[in-house]
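In what follows, a single structure is set out as structure tokens and then discussed.
What follows draws every value from the coordinates through simple rules; no lab data is involved. Quick caveat: nothing in here was measured; it's all calculated off a predicted structure. Here Cβ is always computed from backbone atoms with ideal geometry, including for glycine, and neighbour counts include all displayed protein chains.
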Amino acid sequence: MKRKIISCLLASFAVLSACKSDNKNAKGDGPPKTPEVGFIQVTPQSSTIKSELSGRVVATLTSEVRPQASGLIKAMLFTEGSYVKAGQPLYQIDSSTYSASLDQRQASLLSAQANLDAAHIKANRYRSISDTDAISLQDRDDAFASERAAAAAVKLAQANLRSSQIDLRYTTVRAPISGYISASNFTVGALVTASQAAPLATIRALDPIYVDVQQSAADILKMRKSMASEGKVITTAPVTIITEDGSTHPHQGILQFSDRMVDVATGAVTLRAKVPNPEGYLLPGMYVKVQVPQYEIPDALLIPQQGIAIGSGNKGSAYVINAQNKAEKRDVVIGQAIGNQWLITSGLKAGEKIIVEGRDKVKPGGDVKPVAVNVPTSNDLSPVTNGK
């Protein structure tokens, strides 16, 4: 019996000894493994810096249709809200009085021409006998003067006739420009007057269309000063329009000009873009966001955002792999986000290796096992300023 007890105790000691040995092996008494990290090499590249600004859509052309003749509206010749072409008839004003005036002035012209014919015959007769004493000099001069007066009367009658023709033509109100017409402010039977203050309707040209944006004068000044030596300011460039529902307008616009005057009320400068709008998605007064290229950096250092730890302000840090394959922590200055990358303005140099994967495994000065990785980058995302 004692031998059995002793045998059991020896077996228990052997099991405990084996467990301790396994625990030691599990903990690993050997040297720790060098962490494997993914890196990219800093490569300078040309980059366009963009700003995302708020803007309002403005019609390229706006025309308020007003009558140039007085009278009752006899007919409305268009469909409200439709597209009208320049010269298309829109309203018909009662033309009866203008037609009567035209007939009267046509008769006046005929009478003036008859008087001219008679004066011309008389003057020619007096010219043929002017060398004789058959007529007095006074009669001859009166005949010549009557001829000239009759010619002037004909010209006046012709001018009056043209005026009546113009007035009659104005009884048909035509579209001054091509575009989409608003609802009519007057109905058939309404009395309108020439050059009245209230427009009959409004026409707006929507393709192409303007987008006006405002940028702080302080931001523009800061940008131009900072880029005076290293960048090229852009004055004409493609712009991207983002509508209120977050979708991108299918057509890029062109930045046409930057105003050379600061609005004293807002402290901002107006930028204008011309945007194709064949589908009519953009409407005057609509609020949009505009991605506007501002300047170019020929040798920008762009680092994937996962490779930069953000600090306060525009400060941050990155891990650089040195020649001894050790992780060196580096303080950097961050410019702005361009897509999913940060623009680094200070702290890094071309050719350095930046850790973008496995940062959590790294300690400053620690050994690393570098592996080159390819991080997909994009410059198409909405640009924002660091920290905003």
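General remarks:
- Distance between modelled label sites at Asp212 and Glu244, nm, 7 Å Cα→Cβ extension: 1.9 nm
- Column: log10 I(q)/I(0), Debye, Cα scatterers of segment 285-348, q = 0.13, 0.29 Å⁻¹: -0.45, -1.28
- Among the listed pairs Lys122/Lys155; Lys33/Lys329; Lys326/Lys363; Lys329/Lys369; Lys326/Lys353, those with a Cα-Cα distance over 18 Å are Lys122/Lys155; Lys33/Lys329.
- Label point 7 Å beyond Cα of Val375 along Cβ direction - residues of segment 37-53 with amide nitrogen under 19 Å: 37-48
- Considering only alpha-carbon pairs that sit under 8 angstrom and 6 or more positions apart, the relative contact order computed for segment 306-355 is 33 percent.
- Relative contact order for segment 95-170, counting Cα pairs under 8 Å that sit 6 or more residues apart, in percent: 53 percent
- For the pair Glu64 and Ser99, label points projected 7 Å from Cα toward Cβ lie 3.2 nm apart.
- Placing dummy labels 7 Å off each Cα toward the beta-carbon, the span from Asn322 to Ser82 is 8.0 nm.
- Remark: C-alpha extents of segment 95-170 on the principal axes read 57, 14, 13 Å, sorted largest to smallest.
- Potential lengthening of the chain between Leu110 and Asp219 amounts to 32.0 nm, from the contour at 0.36 nm per residue minus the alpha-carbon distance.
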